[in-house]
Amino acid sequence: DRLPEEITCWGFKEIRYGVDADDRTIDMLLELFPESRNVVVTRHPWDTVVSMITAWNEDLVDRLLKQPSDRGVMQLTNLAENYLQKWSEQNQILLDYVGRFPDRFIWMRYEDFSARFSDTVFDFMGVPCPDNVKAVLEKKVWKTQDSPRSKCVKQHLDCVRLWGLVEKTAKTLGYEKL
C-alpha cells in the first residue's frame, strides 16, 4: 500500500528461473502476473561459463595462475562441462516459454542488448523509453573479460571439444563457436 500509484511498471533481474525441467517458478509468475511482459536475455555460452568459473571458483583459478597442473585443468574442465550443460538446459527451457507465449515474452542476446534495448524492450513493454537509457546501458561498471583469471580459464579450456555440449541450443540462439 506504500507503492506510488503513478508507477505501473516494475522490473527485476533473475538468472535462476527455468534452471531445469522441474522449476515451475516461471509458471507461477505468469499466474501471479497475468499481464506481465518478460524479456529473456541470453549470453554466449563461452562468455557465460568463463564468467561463472571466474566469479565462483577463484581459489581454483588462482591456483592455476600460480602453478598449472593436470589436476587443476581437469577440475576446471569438469566445472565448465557442468556449467555449459546447465546453460544449454536453462536456455532451451526459456526458449520454450518465448515460443509458447509470444505475446508475453521476447528474447534478446546480451551482445545485442545495448543496441536494441530502447527500440525493442520499451516497445514490447508499451512504455516510453527514458532519454538517458542509452547512457545507462553503455556504462561499464565492472569488466572481467580481460582479467588474468578470465585469461587463465580461457587458456586451459578446450572450447572446441566443449562446444558440443551447447551447440544445438547455441545455434538456435544465433551463437557460433568462438
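A few points about this structure:
- Applying a DSSP loop filter and a limit of 15 other Cβ atoms within 10 Å to the chymotrypsin sites (Phe, Trp or Tyr not before Pro) in segment 1-54 leaves 10, 12.
- As a fraction of the 1.4 Å probe accessible area of the chain, surface on carbon and sulfur atoms comes out at 53 percent.
- Exceeding the 24 Å Cα-Cα cut-off - candidates 13/154; 86/171; 66/151; 13/134; 66/154: 13/154
- Across the chain, the relative contact order, built from alpha-carbon pairs under 8 Å that are at least six residues apart, equals 33 percent.
- Additional length obtainable on full extension of the chain from residue 85 to residue 124, 0.36 nm per residue less Cα span: 11.0 nm
- Cα-centred dipole magnitude for segment 46-122, charges only on beta-carbon of K, R (+1) and D, E (-1), debye, nearest 20: 80
- Computed extension gain for residue 35 through residue 74, at 0.36 nm per residue and net of the alpha carbon distance, reaches 9.4 nm.
- Spin-label pair residue 5-residue 146: with each label point 7 Å from Cα along the Cα-Cβ axis, the two points sit 5.2 nm from one another.
- Selection from 101, 82, 159, by position along the positive dipole direction of the chain (Cβ): 159
- The solvent-accessible area of residue 24, taken with every protein chain present and a 1.4 Å probe, is close to 130 Å².
- Pairwise FRET efficiency - residue 167 versus residue 136, Cβ, R0 = 35 Å, nearest 0.05: 0.55
- Of [x] 49, 19, 10; [y] 34, 19, 15; [z] 38, 19, 14, the label for semi-axes √(5λ) of the Cα gyration tensor in Å derived from the coordinates: [y]
The values are calculated or read from the model by the stated rules, or taken from the named source; none is laboratory data. Everything numeric here is computed off the predicted structure, so don't read it as measured data. Virtual Cβ from ideal backbone geometry, glycine too; neighbours counted across all protein chains shown. Side chains included, ligands, DNA and RNA excluded: accessible areas come from the protein's heavy atoms. Shrake-Rupley method; radii C 1.70, N 1.55, O 1.52, S 1.80 Å.
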